[in-house]
1. Sequence gap at least 6, Cα distance under 8 Å: using those rules, report the relative contact order of the range 535-584 to the nearest whole percent.
2. Rounded to the nearest 10 degrees, what's the angle between the helix 369-391 long axis and the longest principal axis of the chain, both from Cα atoms, 0 to 90?
3. Structure shown: which of Lys459/Lys553; Lys459/Lys535; Lys444/Lys553; Lys332/Lys443; Lys234/Lys332; Lys391/Lys560 lie over 24 Å apart, alpha-carbon to alpha-carbon?
4. Based on Cβ point charges of +1 for Lys and Arg and -1 for Asp and Glu, what charge dipole magnitude is obtained for the range 290-374 about its Cα centre, in debye rounded to the nearest 20?
5. Once Rh is set to the Kirkwood radius over Cα pairs, what Stokes-Einstein translational diffusion coefficient, in µm²/s, holds for the range 234-367 at a temperature of 4 °C and a viscosity of 1.567 mPa s?
6. Can you give the relative contact order of the chain as a percent, counting alpha carbon pairs under 8 Å and 6+ residues apart?
7. Holding the Cα-Cα limit at 29 Å, pick out from Lys246/Lys283; Lys223/Lys283; Lys407/Lys427 the pairs that are longer than that.
8. What ranking do 626-635, 121-130 get when scored by the average of other Cβ atoms within 10 Å per residue, highest first?
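Bear in mind that the values in this text are calculations on the coordinates, not laboratory data. Keep in mind that this is a model prediction, so the values were computed, not measured. Glycine gets a Cβ as well: all are built from the backbone with ideal geometry, and neighbour counts include every protein chain shown.
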Amino acid sequence: MRIEDLISTYSYAGDIISAITCFVLLVLIRQALFFTTENDFRQVSKAIRIVMVGALANIAFALVVTYMPSFTTFVFLTRDVYHSCLLWALFLFTIYMTKLVGFPANKFNTLRDIMGIIVNIGVIADILSPITKIGFYKNDGLWYDSTYVKPFTVTYIICMVFIAYLLLGYRKRLIKQLRITFIIVELVVAAVMIVENTMDSNTFTTSTFLIPIIAVLILVHSKPFDLITGSMDKNALASFIKHANKRERNVDYVILEIRLGDMRELPLGLGRILYTTWQTYFKNAMLFNYEKGIYVMAIRRHGASDAAKARLYSLVQEELPIYYRDYMLDYKILALHDVDFVKNLDQLKDIMTYALGRMDYNTSRIATEDEIERYSKMEYIVEQLQDIAEKSDLNDSRVKVYCQPVKNMHTGVFDTAEALMRIEIPKYGMIYPDVFIKIAEQKKIIHFLSRIIVNKTCKALRQLLDDGYKIERMSINFSLDELRDSNFCSNIIDIIHENNVPEERIAIELTEGQSDSDYEIIHDRISALKKYGIKFYLDDFGTGYSNFERVMKLGMDVVKIDRSMLIYSLGDKRAWYIMKHFAGAFKELGYEILFEGVESEELEDLCVDCDADYLQGYKFSKPIPVEELWKYLER
Ligand code: C2E
Ligand code: CA
Ligand code: CA
């Protein structure tokens, strides 16, 4: 064909509108309708930029052909840039879809490399077509462009077939609505391409590359604004925090909790007030609707910390509370200033729960440094605990076994001991159980910590026995929740066996639970372990929920009377009387009695009077590192 025939069916409109659309999308991305932090998302925004270059290249191609047809090199060059851009954008899109459908991670890298090679071969073959005469080339002053057998089209078809395979082959992994939408979009796009190719036109080719990308943006990444308050949703907040962190931006947060009760939505007027307040008060603020009635305003701070704090102060203390008079909805307003350790939504949630929980309704304040310090210490501890659990090392040096020798009243010597956990971490040193046990339970890492304690206790026991010390057993504390784990028994027994320690040298201390739920399971676990000879101690008797019947049914061996009972008995004859009778009843039923928290001679006398079997307390020894226990034992 003659050169002017190349664009006889071409209209600039298609590429101009594609380039403009790309530009607008990029603006939207900057304005936070979408966030660029999510890794996969960056592929999408890169693809948009590449498509934009492609559209411009095709416009350039048409211009060159029209106004300077004799510049053959430019004709090829613009065409090559155009085709390469489209293929690379398609490559990014293909990779993105591969991730989206949850393609197995271990095969992902290989697949990406293969697709990369295929696409780049396509690109090179396309560039070489003037030489190979396959595709778009010039011969004897005439131009040729084959309809289907050209590198560009072949590569395009391979990618489309692969995407179709992903959508159909992995259909279970992609939620139905997404899958169907993508299939419809791809079908439409393929139809346009076929029509275009058949008509030897490429007016709308670029837009067929853009349309699936737009679909992805809307379906997967859009963060719509609430039109009344101007807020975005919780996912947007999560992305925002990650984004701010990556860029090491300073962010202040204002958290507004409004008790909406049965009301389903924020009253319209209040929503508008919220909108004007945050829009006019801070230039760099964004508002998020964390959940019903909880709004989080994030303020990106560039300037001095003090000025920002003053502004926060007036907003929190003066501006926002005014509206309470008009709406009579209970509120809490909390500002977080300088909280650079908030690295993800979970952490923000934790600090919100922590700080809001300590506030009364209809109060507002800036979280104190002390509070944030305490909280960030807690966060650090949790990180360390999680790290310990992840590393899964039964000898982790951060977990320490301390122990407290227990005096046997029948023989007058120390022959058992209770193992007590501590963790020693960088920055804060030794941390005691009252700080971390609860949180370790909540985060479901307690059992791993316990296994480390069992391992280290067994090692110490083995050593003591080998060195000829007389030690009957060591008791280890467990949380009731751990027993629900179906592997509980084997986990414990395995460690005991690995350390070559006789099972009867290990005892388990349990505190009674509040509820009857899972009573059966706990009962079963205890029976299973008792068969091995493991002894059971009931911890903290006399606090909370002690229940005679259950003590008996659970098959405990030793009852540990809590220190609080001792203390009561010291000043109150009746309390003493009750304790003595409890102790007597247990003994008659065949249980052994241990008194804990014996700090003084006076308390010891009380216990002796109750016919105690074992005594434990500061009077004899504080908890000591297990390596020093030998000092208390007989050989
Ligand atoms: P607990 O099982 O009642 O342990 C006894 C606690 O009382 C220990 O505190 C011990 O240091 C303290 N104590 C001992 N003698 C006296 C005394 O004469 N006077 C006073 N006032 N206190 C005394 P610790 O080591 O801080 O442990 C606190 C709690 O943390 C333990 O209470 C136990 O419930 C829990 N805990 C400790 N280690 C572990 C563990 O490995 N796993 C689990 N799940 N919980 C543990
Ligand atoms: Ca205990
Ligand atoms: Ca206790």
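1. Relative CO of the range 535-584 lands at 36 percent.
2. Compared with the principal axis, the helix lies near 90 degrees.
3. Long pairs (Cα-Cα over 24 Å): Lys459/Lys553; Lys444/Lys553; Lys332/Lys443; Lys391/Lys560.
4. 220
5. For the chosen part, D equals 86 µm²/s.
6. 9
7. Lys407/Lys427
8. Top to bottom by mean Cβ count within 10 Å: 121-130, 626-635.
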